[in-house]
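Inspection log for the structure reproduced underneath, given as structure tokens.
The values are calculated or read from the model by the stated rules, or taken from the named source; none is laboratory data. Remember, predicted model here, so these are calculated numbers, not experimental data. Every residue, glycine as well, gets a Cβ built from its backbone with ideal geometry; the counts of neighbours run over all protein chains shown.
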Amino acid sequence: MMRTNKTNASQVVLILAPVGKDADLAASVLSTAKMVPKPCQSLSELSERLRAEGSSVGALLLTEESFGSSADCLSLSKWLEDQESWSELPIIVLTRPGPQTKVTAQRVQTLRSRAVTVLERPLRPATLLSVLRVALQSRERQYQVRDLLESQRRAAVELEKARLKAEAADHAKDQFLAMVAHELRTPLNAIVGWTHLMTETRNDEALTAQGLEVLQRNTGTLVELISDLLDTSRIVTGKLTLDYRDIDLKQIVHTSVETVHPEAGKKGIALESLIEIPQEISCRIWGDEVRLRQILGNLLSNALKFTLSGGSVSMQLRKTEAKAILVVKDTGKGISPEFLPHIFERFTRDGAESIGLGLGLAICKHLVESHGGSISAESEGPGRGALIRVELPTMAANFAPGGERTGASGVAAEQKMPDVRLKSIRVVGVDDNADSRDLLKTILQYSSAEASVVGSGQEALGAIKNVHPDVLICDLAMPEMDGYELLEKVRSLEPGFAELPIIAFTAAAREEDRVRTRAAGFQAHLAKPIDPDELVRTILELVRLRTDSGISAWRD
């Protein structure tokens with residue numbers, strides 16, 4: 001027990017002098033020296049006080065008359081033996097003049113303490129005070145040793161906790177890397193195997209069609225895994241940003257269900273959308289449309305993943321005065337009671353047979369809470385299906401956004417895109433990776449763009465001067481001249497190139513990467529792997545914005 005008052009604790013002296021006025025005189029002398037005397041009436045009382053207050057006692061002052069029965073002395077001796085290693089309570093024994101009696105010698109010996117000092121009476125008060133001061137100083141040093149030992153003990157405990165935490169983190173890292181490797185190897189195995197088969201059997205159209213389906217499905221799995229890892233990194237570092245807009249949740253529910261309908265059909269699962277809101281009434285919330293679609297897509301995909309053929313999955317949307325309530329219900333494998341409290345934690349999976357990184361629901365929870373909502377899970381146990389409930393605050397009925405609300409892209413949420421074909425639009429692309437160049441060129445040519453795709457910054461400068469493009473698509477991490485250097489050189493060309501829209505086309509997909517490219521002067525940031533439709537839409541939008549601003553596109 002740690003002392004709460006250092007001075008008082010080191011100055012307390014228990015006195016036992018049962019005969020005459022020795023106790024009163026001793027107490028008076030000690031009080032004048034600012035010590036704290038506490039007289040006792042018997043050896044048993046003194047022993048009781050030691051048991052109750054021993055860690056705050058500085059010394060004992062006993063007279064030889066206080067040694068009663070051997071049993072009382074043994075009780076005191078027992079307490080002294082049981083002291084902690086740092087403690088050796090000083091004891092001053094006052095005896096009659098002359099040699100000690102046999103009984104007194106035996107009683108002092110019974111105490112078995114090296115800190116016993118024997119003084120003969122009569123003695124001067126100054127002598128008694130001097131001996132007591134030495135004893136109390138010795139006791140104070142013992143307390144200091146105790147405090148030091150306690151500090152060392154706490155430090156050792158914290159060190160052990162830190163060691164165990166580091167070992168746990170190291171083990172978790174190994175488990176995480178093993179899990180990531182496993183989850184990546186599965187789709188990569190299918191991609192590598194089917195690519196080889198398709199290469200060896202070029203004329204087998206049926207096998208090629210099957211292979212393309214497998215490649216599309218497994219590359220989608222890889223993109224999902226990497227996206228989850230990147231989102232988790234942004235969440236942990238506090239860098240995940242949302243693009244809030246006025247959104248009708250009914251439309252997002254409808255399109256989310258339609259998106260997974262093909263998957264449900266292939267698995268033989270009945271998929272139902274239950275929008276319990278009249279058609280003429282909207283369900284508007286202030287949120288990030290992309291992230292809301294991510295939440296619903298993840299919940300529906302999970303439900304389909306864990307539901308067998310012949311089962312059912314439903315998404316229900318209803319509205320209260322202040323909330324939109326989404327419920328995704330399935331008849332699948334259910335959730336074990338042990339796992340249910342941890343279902344929204346990162347890297348957790350219900351059993352070794354579960355697939356995925358265990359990140360999707362953790363990301364959903366963060367996104368829902370970022371929208372001011374809540375998410376919960378229910379299940380009656382394995383084999384009994386599961387229910388995920390999401391509640392989001394709705395916008396007030398009389399809420400009218402002041403003018404057009406746009407996010408970081410500066411493009412209105414309701415903006416209608418023109419025809420996705422890029423006919424008559426000139427595009428120069430640059431990427432040092434041959435496969436990326438081929439993919440980019442194929443996407444552009446398939447969309448009827450006039451495309452020139454090259455492999456270096458220097459080649460890109462030559463193509464820009466010759467082609468006079470409407471848009472430049474630029475990889476960032478290139479040798480000799482990276483994308484940022486190319487951007488500066490393009491802007492320093494003749495004035496007509498100063499406003500050329502430039503898209504950063506890069507594997508750097510973090511939020512800080514997007515911020516950096518925008519700050520450098522790129523008009524858009526597209527992360528690899530690229531969605532062809534997104535690339536086409538972005539090109540069209542940049543050309544439209546440039547035309548609307550009064551800056552004509554290059555023409556001969």
* Does at least one position in the range 281-291 carry a residue that is modelled with pLDDT of 90 or more and over 21 Å from Thr320 (Cα atoms)? -> no
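How many residues does the range 525-538 hold that are in contact (Cβ under 8 Å) with a residue 60 or more places away in the chain and closer than 18 Å to Leu476 by Cβ? Talk me through it step by step, then tell me what you get.
We begin by selecting, within the range 525-538, every residue in contact (Cβ under 8 Å) with a residue 60 or more places away in the chain; these are 528-530, 532-533, 535-537.
Subsequent filtering for residues that are closer than 18 Å to Leu476 by Cβ retains 528-530, 535.
Residues flagged as in contact (Cβ under 8 Å) with a residue 60 or more places away in the chain and closer than 18 Å to Leu476 by Cβ within the range 525-538 amount to 4.
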* To do: Could you tell me which of the residues Pro39, Pro99 is at negative phi and modelled with pLDDT of 90 or more?
  => Pro39
* If you take the residues in the range 475-508 that are of a type in the set (Phe, Trp, Tyr) and out of contact with any strand residue (DSSP E or B) (no Cβ under 6 Å at 6 or more places or on another chain), which one is modelled with the lowest pLDDT? -> Phe497
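Going by the structure shown, is Val420 surrounded by 14 or more Cβ atoms within 10 Å (Cβ to Cβ) and either under 24 Å from Ala524 (Cβ atoms) or modelled with pLDDT of 90 or more (or both)? Can you show your working first?
Numbers: surrounded by 14 or more Cβ atoms within 10 Å (Cβ to Cβ): no; either under 24 Å from Ala524 (Cβ atoms) or modelled with pLDDT of 90 or more (or both): yes.
Against the criterion (surrounded by 14 or more Cβ atoms within 10 Å (Cβ to Cβ) and either under 24 Å from Ala524 (Cβ atoms) or modelled with pLDDT of 90 or more (or both)), Val420 does not qualify.
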* the range 260-272: number of residues that are crowded, with 16+ Cβ neighbours inside 10 Å and outside any helix (DSSP H, G or I) -> 2
* Go through the range 276-311 residue by residue and tally those that are of a type in the set (A, V, I, L, M), within 26 Å of the chain's Cα centre (by Cα) and part of a loop (DSSP other than H, G, I, E, B). => 0
* With respect to Ala377, is the statement that it is more than 25 Å from the chain's Cα centre (by Cα) and at pLDDT 90 or above true? -> no
* Asked: Pairs under 6 Å by beta carbon, first residue in the same structural domain as Val327 (by TED's automatic domain parsing) and over 15 Å from Lys250 (Cβ atoms) in the range 263-282, partner among the hydrophobic types (A, V, I, L, M, F, W, C) and in a strand (DSSP E or B), six or more apart or different chains?
  -> Ala264/Leu271; Ile269/Val313; Leu271/Val313
* To do: Restrict the check to the range 332-345 and report whether at least one residue is outside any loop (DSSP other than H, G, I, E, B) and surrounded by 20 or more Cβ atoms within 10 Å (Cβ to Cβ).
  => no
* To do: Could you pull out the residue among Ser227, Ser233, Ser256 that is at pLDDT 85 or above, of a type outside the set (Val, Ile, Thr) and within 19 Å of Cys364 (Cβ to Cβ)?
  => Ser256
* **Close pairs from the range 223-238: first under 17 Å from Ile191 (Cβ atoms), partner of a type in the set (Asp, Glu) and part of a helix (DSSP H, G or I), Cβ under 8 Å, at least 6 apart** => Leu225/Glu183
* Given the structure, is Glu65 within 19 Å of Gln142 (Cβ to Cβ) and either among the small types (Gly, Ala, Ser) or in the same structural domain as Arg146 (by TED's automatic domain parsing) (or both)? -> no
* Restricting to the range 186-208, what's the tally of residues that are surrounded by 11 or more Cβ atoms within 10 Å (Cβ to Cβ) and either assigned to a helix (DSSP H, G or I) or among the hydrophobic types (A, V, I, L, M, F, W, C) (or both)? -> 15
* To do: Report yes if some residue within the range 162-185 is of a type in the set (D, E, K, R), surrounded by 13 or more Cβ atoms within 10 Å (Cβ to Cβ) and not in a helix (DSSP H, G or I); otherwise report no.
  => no
